[in-house]
Amino acid sequence: MATNCLIAFLIIPSYLSVIVAAQLQPSPAGGLPGDLFALNVASKLRFDCNSTARASSDFGGIVAAAPEAVLRPATPADIAELVRFSASSPSPFPVAPRGQGHSARGQSLAPGGVVVDMRALAAGRRAGSQNHHCRVNVSTGGTALYVDAGGEQLWGDVLRATLEHGLAPRVWTDYLRITVGGTLSNAGIGGQAFRHGPQIANVLELDVVTGRGDIVTCSRDKDSDLFLAVLGGLGQFGVITRARIGLEPALKRTRWVRLAYSDVVKFTRDQELLISTRSSEAAGFDYVEGQVALNRTLTEGPKSTLFFSGADIGRLAGLAAESASGVVYFIEGAIYYDESTAASVEQKLEAVLEQLTFEEGFVFAKDVSYVQFLDRVRQEERVLRSAGVWDVPHPWLNLFVPRSRVLDFDAGVFKGVFAGVIPVGVILMYPMNRDRWDNRMTAVSGGDDDDDVFYAVGLLRSAVAAGDVERLERENEAVLDFCDRAGIGCKQYLPHYTSQDGWRRHFGAKWSRVAELKAKYDPHGILSPGQRLFSLPGAMAVAGVDAI
């Protein structure tokens, strides 16, 4: 999924900051306490307009909120000092960690407070160091294979460091230029999640700065309530400064496949077969996702892509024209292999394809390196940047749809709400196994209690023309209204709600526990207030639960 530019900053020597601070008492900026400059981290705070302006919006481009300052920490202790100061202040102020600013609706914003530029942790540790992986440390000893990665690290950098040892994390998002802490605060989903669960299911240990300013190392066995709260916790309970992530041997090549369908029943049936236990690790795909091409996507979109040639696009456009609905679905799959298994990869692929019911003749395959496959969206980013359509508003809507209602969703949304709409982005649609998610975590998965499979549907659309934001927002609301009227129990991923009642419904039975944990670990509501899950900073109680 995509990114903002790094926060620019004005270099102010620390001794000069102290002199200026003395002249600016009692208030360094806006509503921040005047004694802020007495902190050790004072020299690492930036108040210039360039720094605060760049921290005032995120990748979504839909909401904006200016911080009073930006902290560029050298160590996690700097973050803890700032948070402790806010928590002990008579007027606590918001603090929000920001990696690449890839949030869509304000998770990385701190209105009237301080945004923590997490990427500064990587920059600070690199200065004067011979080891560019000093915040990414791979362990290959013993039976446990894992990497300790700073929360500020990009997944692409984690990949490069682990591949030096022939290893890699099990689960990836589709875009690698986002931070470890950012994805783990949401869940981190992708085409491997059907087998290994989301990224948060593959974390062994965390270092966290809580909303009280404590630095805590936690795991499933130690301070487990904090560990399970922070993973998928939308930044509400702590700032992730380090994550220990399980690894597996990495293969070197990928057979990358897309299969076209015009029948949604066959499309979903085949996807569910591919993620089922019947599709064993030995015989199935290592990666399963899907896409939906609506209306004029194939006829008015690019004449060729990084995957499809011009001739491929022409054939697919013909398939869409022959379809009664004009909708074409794609299963996207991948098989990883290396020199020892290269001779059998075609046989393995044929065995998978024999089980499926895609349109005859509509198999598209290419062979790429493992890294090229995982980092494929980076190539698309370069194309979009060159066309000037990357840094635009992204009114995305991501939903988890119960398997039992996915055909109703398809009929009501893709062939109803979206009938005739202008195609302006990518639509993802693929299933995941519910039992790969740990329900004790804060993150909300999809499906009802009786649904063992749910679908991730990502409406990843971009506002590239005047009026697009308003139009796409109206269409998103129409999708949500349809789901409500039809009784489709969707859950939002990367969620956004305009009221606390919406958040209560989102978390459902988890809400009371979420509120208790907020009161325990961030009693003043300091952390990541941009999404307005809880009361504003300074509240003595959070969501009706007394602070403790």
Report task. Only Cα pairs under 8 Å and at least 6 apart count here; give the relative contact order of region 295-373 as a rounded whole percent. Result -> 22 percent
Query raised in the report: Do you know the Lys pair count in the chain for C-alpha distances under 29 Å, with sequence separation 8 or more or different chains?
Result: 21
Query raised in the report: With labels modelled as points extended 7 Å from the Cα through the Cβ direction, what inter-label distance (nm, one decimal) is found for residue 415 paired with residue 354?
Result: 3.2 nm
**Report entry** Gyration tensor (alpha-carbon) shape descriptor, the chain, a/c threshold 1.5
**Finding:** prolate
Report task. May I ask for the angle, rounded to the nearest 10°, between helix 376-386 and the longest principal axis of the chain, with both axes built from Cα atoms and the value confined to 0 to 90°? Result -> 70 degrees
Requested in this report: Quickly work out the residue 499-to-residue 387 label distance, labels modelled 7 Å from Cα along the C-beta direction, and quote it in nm with one decimal.
Outcome: 4.0 nm
Report task. May I ask for the angle, rounded to the nearest 10°, between helix 310-322 and the longest principal axis of the chain, with both axes built from Cα atoms and the value confined to 0 to 90°? Result -> 70 degrees
Report task. Would you pull out the residues with amide H under 5 Å of residue 168's amide H, same chain only if 5 or more places away, H placed 1.01 Å from N? Result -> 248, 250
Report summary line: For region 490-504, in residue order, the Karplus 3J(HN,Hα) values (coefficients 6.51, -1.76, 1.60; θ = phi - 60°; whole Hz; Gly and Pro = x) are 6, 10, 7, 9, 6, x, 8, 9, 8, 9, 5, 4, x, 5, 4
Requested in this report: Would you mind working out the accessible area per residue for the chain, using a 1.4 Å probe, and quoting it in Å²?
Outcome: 39 Å²
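Carbon and sulfur: what percent of the chain's accessible surface (1.4 Å probe)? Can you show the working numbers first?
Values: 11280 of 21590 Å².
Using a 1.4 Å probe with all protein chains present, the chain comes out at 52 percent carbon and sulfur.
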Requested in this report: Normalising by the residue count of the chain, find the relative contact order in percent from Cα pairs under 8 Å and 6+ residues apart.
Outcome: 16 percent
Report summary line: Relative to the chain, whose Cα atoms define the longest principal axis, helix 14-24 and its Cα axis are tilted in degrees, nearest 10, by 70 degrees
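Taking 0.36 nm per residue of separation and subtracting the Cα-Cα distance, what length does fully extending residue 144 through residue 165 add? Don't skip to the answer; put the middle values down first.
Details: separation 21, 0.36 × 21 = 7.56 nm, distance 1.38 nm.
Length difference between fully extended and current span is 6.2 nm.
Which residues make up the longest stretch of the chain clear of GluC sites (Glu not before Pro) that lie in a DSSP loop with no more than 11 other Cβ atoms within 10 Å, not counting the sites?
Working: sites that count: 164, 281, 339, 354, 360.
Of all site-free stretches, the longest is 361-548.
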Report task. Tell me which residues come under 5 Å, amide H to amide H, from residue 46 once H is placed; ignore anything under 5 positions away on its chain. Result -> 70, 71, 72
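Can you compute the FRET efficiency between residue 339 and residue 303 using 1/(1 + (r/R0)^6), with r the Cβ-Cβ distance and R0 = 41 Å? Round to the nearest 0.05. Don't skip to the end; give the middle numbers.
On the way: r = 36 Å, r/R0 = 0.89.
Using R0 = 41 Å, I get an efficiency of 0.65.
The values are calculated or read from the model by the stated rules, or taken from the named source; none is laboratory data. Owing to the predicted nature of the structure, the values given are computational and were not obtained by experimental measurement. Neighbour counts are summed over all protein chains in view; Cβ atoms, including those assigned to glycine, are modelled from backbone coordinates with ideal geometry. SASA here: full protein model, heavy atoms, side chains in, ligands and nucleic acids out. Shrake-Rupley method; radii C 1.70, N 1.55, O 1.52, S 1.80 Å.
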